[in-house]
Amino acid sequence: MKRLTLTRKLCAVFAALLLACCGVSAWLQVRANARYEQEATQRLSSGLAAHIAGANVLMDAQGWKPEAVRNLFDMLMAVNPSVEVYLLSSDGRIVGDAAPPGELRRDRVDLAPVRRLLRGEALPILGDDPRNPAVQKVFSAAPVSAGGSEQGYVYVVLQGQAHDELAAALGTSSVLRASLWSMALVALLGLAAGLAAFALITRPLRGLTRAVREFDAEDPQSLRALGPPDAGDEDGGDEIAVLRRSFAQMGGRISRQWQELTRQDQERRDLVANISHDLRTPLTALHGYLETLRLKDAALDPAGRRRYLDIALAQSRKVGRLAQELFELARLESGLVRLEPETFSLQELAQDVVQKCELAAEARRQRLCVEAPRDLPAVRADLGLIERVLTNLLDNAIRHTPAGGRIELRLRAARDAVRVRISDTGPGIPESLREGLFTRASALGQGPREAGGLGLVIVQRILQLHHSEVRLVPGEEPGAVFEFDLSAAPRP
């Protein structure tokens, strides 16, 4: 049974229940027919015993009259062989019968059913059969009076032994066989109809089972095995339709998550490869210059020694900056960073960040300016993280803008937000780098202009925590233009 499919199990249970119901129905029908026949016979012959007792003088002052009893039995056997007549004393003892010698199995009849019949209770009422102690049968009874008092009873078994023998003989007749065959045919047709109905009902379930078995998270097309949704599915449908729709949604979500995991895994692999490359270059240079200092220390003049040290320090700072960016990005992507929002003036924060970056801009002979209206609304965000965003964007612009260039930080109101734009006059970002500009793997790629390291990725993650994102605005200015929005603080 464990190896059967659900459809086969349902069909087997249905067939068993159908056969059981047919058997119970047949048994109830036979029993009901028997009860009906008993009631009809008893009701039809209810006055038979009274007629016998009134039409024949069965007893006088000396007792029962044997001659009258024999005449009575002979007459009844000739008229209706299925009845059996007995004469009972007042205590139920059988004092007269028409049974052949040795056929009588009991010498006394219980008078309780007789009294119930005489009181007119509901029919059928079954009483003892003197010739068969194992069964009870319908009967007719009437009191026999003599001298003005009841002296006994006429007890007539309406379905005697002759009736039982005839019923047994007819039990194997063609009529009964035809009835049994018709019942079997009805059961067979019901079984076939039920199995067909189960097959139709469980067909969507079989299709769903096949789709679940063939589902492959790496292949979104495997969900096509479910087929298009039915018209009723949109409004709910039956349980199988709801299950199919839920599985399709779950499968699609799993497939998308699997593709996202695959993409992230590939990005992680590319990131490791790019980090290895970016770390190897400055570390190799750092190692080379330090080794040169060690080997040529006595031969180098102070200016040459200082130049070597400056190059080594620059490479060391580059490695340190990359390590710090990796650490910050790991914290942002781990979900451990929690915002601490507060209301502050973005204009004042921009002035502070610009002042911090002015020395680096002046060293490169660059102009760094801020443009912001006086009535700019305050924003509500994490002050430390937004300072990190502005610092990264300005540092990125300073490093990629040539000497004599211009870097501008512009603020303006935009609906319920403040829009921040940082532009420079550098060479811009090549088209090949724009698509993956804010992804980890592409951020470390090399090109005519590097994508900004991990700084832009950190900026994007911080702004995503604030339900915003940084955008590259192409084509408006000669260099690179980055833009993002911050929600304005609600006015008191």
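Throughout, read-outs are computed from the coordinates displayed, never taken from laboratory work. Predicted model only: the values in this text are computed from it and were never measured. When we count neighbours, we look across all protein chains shown, and the Cβ atoms used for this are built from the backbone with ideal geometry, even at glycine.
With unit charges on the beta carbons (Lys and Arg positive, Asp and Glu negative) and the dipole taken about the Cα centre of region 237-395, which residue among Q355, V272, I386 sits farthest to the positive side?
Farthest towards the positive pole: V272.
Peptides 150-156, 260-266: what's the order by average Cβ count within 10 Å, highest mean first?
Values: 150-156: 21.0, 260-266: 11.6.
So the peptides 150-156, 260-266, ranked by packing, come out 150-156, 260-266.
Between beta-carbons, use under 11 Å as the cut-off and find the net charge around V353, counting Lys and Arg +1, Asp and Glu -1.
Around V353, the surrounding residues sum to -3.
Hey, what do the phi angles of region 415-423 turn into as Karplus ³J(HN,Hα) couplings, whole Hz, using 6.51/-1.76/1.60 and θ = phi - 60°, x for Gly and Pro?
Working through the residues one at a time gives 6, 9, 8, 10, 9, 10, 10, 10, 10 Hz.
Residue separation times 0.36 nm, minus the C-alpha to C-alpha distance between W181 and A12: what's the value? Spell out each step's value before the answer.
Details: separation 169, 0.36 × 169 = 60.84 nm, distance 2.23 nm.
The span from W181 to A12 would gain 58.6 nm if fully extended.
Can you tally the net charge around T41? Count Lys and Arg as +1, Asp and Glu as -1, for every other residue whose Cβ sits under 15 Å from the Cβ of T41. Could the numbers behind the result be given before it?
Values: positive: R35, R43, K137; negative: E37, E39, E84, D129, D164.
Net local charge, T41 excluded: -2.
By the scheme Lys and Arg +1, Asp and Glu -1, what is the net charge of all other residues having a beta-carbon under 13 Å from that of A403? Let's see the in-between values first.
On the way: positive: R364, R365, R367, R399, R406; negative: E362, D424.
Its environment carries a net charge of +3.
Would you mind listing how long region 331-412 runs along its three principal axes, going by Cα atoms, in whole Å with the largest first?
40, 36, 17
Tell me, what ³J(HN,Hα) does each residue in region 186-200 have, in order and in whole Hz, if you take phi through Karplus 6.51 cos²θ - 1.76 cosθ + 1.60 with θ = phi - 60° and put x for Gly and Pro?
Result, rounded to whole Hz: 4, 5, 5, 5, x, 5, 5, 5, x, 5, 5, 5, 4, 4, 5.
Placing +1 at every Lys and Arg Cβ and -1 at every Asp and Glu Cβ, with all other atoms neutral, what dipole size does region 353-433 have around its Cα centre, in debye to the nearest 20?
Working: 14 positive and 11 negative charges, 27 e Å.
The dipole magnitude comes to about 120 debye.
D for region 108-153, whole µm²/s, Stokes-Einstein with Kirkwood Rh over alpha-carbon pairs at 25 °C and 0.890 mPa s: what number? Don't skip to the end; give the middle numbers.
Details: Rh = 11.6 Å.
Using the Kirkwood radius from Cα pairs, D works out to 212 µm²/s.
If you average the alpha carbon positions of region 299-351 and of region 94-144, how far apart do those two centres end up, in angstrom?
Each part's Cα centre sits 116 Å from the other's.
Can you tell me the mean projection area, over all orientations, of the convex hull of region 342-487's alpha carbons? Units nm², please. Please report the intermediate quantities before stating the final value.
On the way: hull surface 32.8 nm².
Seen from a random direction, the Cα hull of region 342-487 projects 8.2 nm² on average.
How high is the relative contact order of region 342-487, given as a whole-number percent (alpha carbon pairs under 8 Å, six or more residues apart)?
Reported relative contact order: 24 percent.
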